[in-house]
1. Which condition breaks for Pro103 when tested against (1) surrounded by 15 or more Cβ atoms within 10 Å (Cβ to Cβ); (2) outside any helix (DSSP H, G or I); (3) not hydroxyl-bearing (Ser, Thr, Tyr)?
2. What residue, of Leu60, Leu35, is modelled with pLDDT under 85 and at positive phi?
Amino acid sequence: MNPADTSSNSPAVLGQKYAFATASLLLGLASFVSLLGLEKALLAILFGYLALKHQPGPVLAPRRNWARAGVALGVAMLVFVPTLLIAFQDRVAILIDALQRLPH
């Protein structure tokens, strides 16, 4: 295969989109492991967007749902954590104070 070939049906483009969809789903799930893992949520959204883009390449029907799930999990995390921090602001302050009092 010619490396300069930018055909939308090339195996490299298809493989790249599969990788983006898979990475999006895994990062979306991993963002819930560490509740302050917002960087993973942002990456899940970015990779999901790259997998769902129409150009270059085919529509990517087999892994489209994986990319959508990754984006949904990333967005849910970006909404979930700040909402909890705001809703329980008084308890978070007590927790931070208690953690600061622990001996080093």
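1. The one condition Pro103 does not meet is (1).
2. Leu60
The values are calculated or read from the model by the stated rules, or taken from the named source; none is laboratory data. Since we're looking at a predicted model, the values are computed, not measured. Cβ coordinates were reconstructed from backbone atoms using ideal geometry, including for glycine residues, and neighbour counts include every protein chain displayed.
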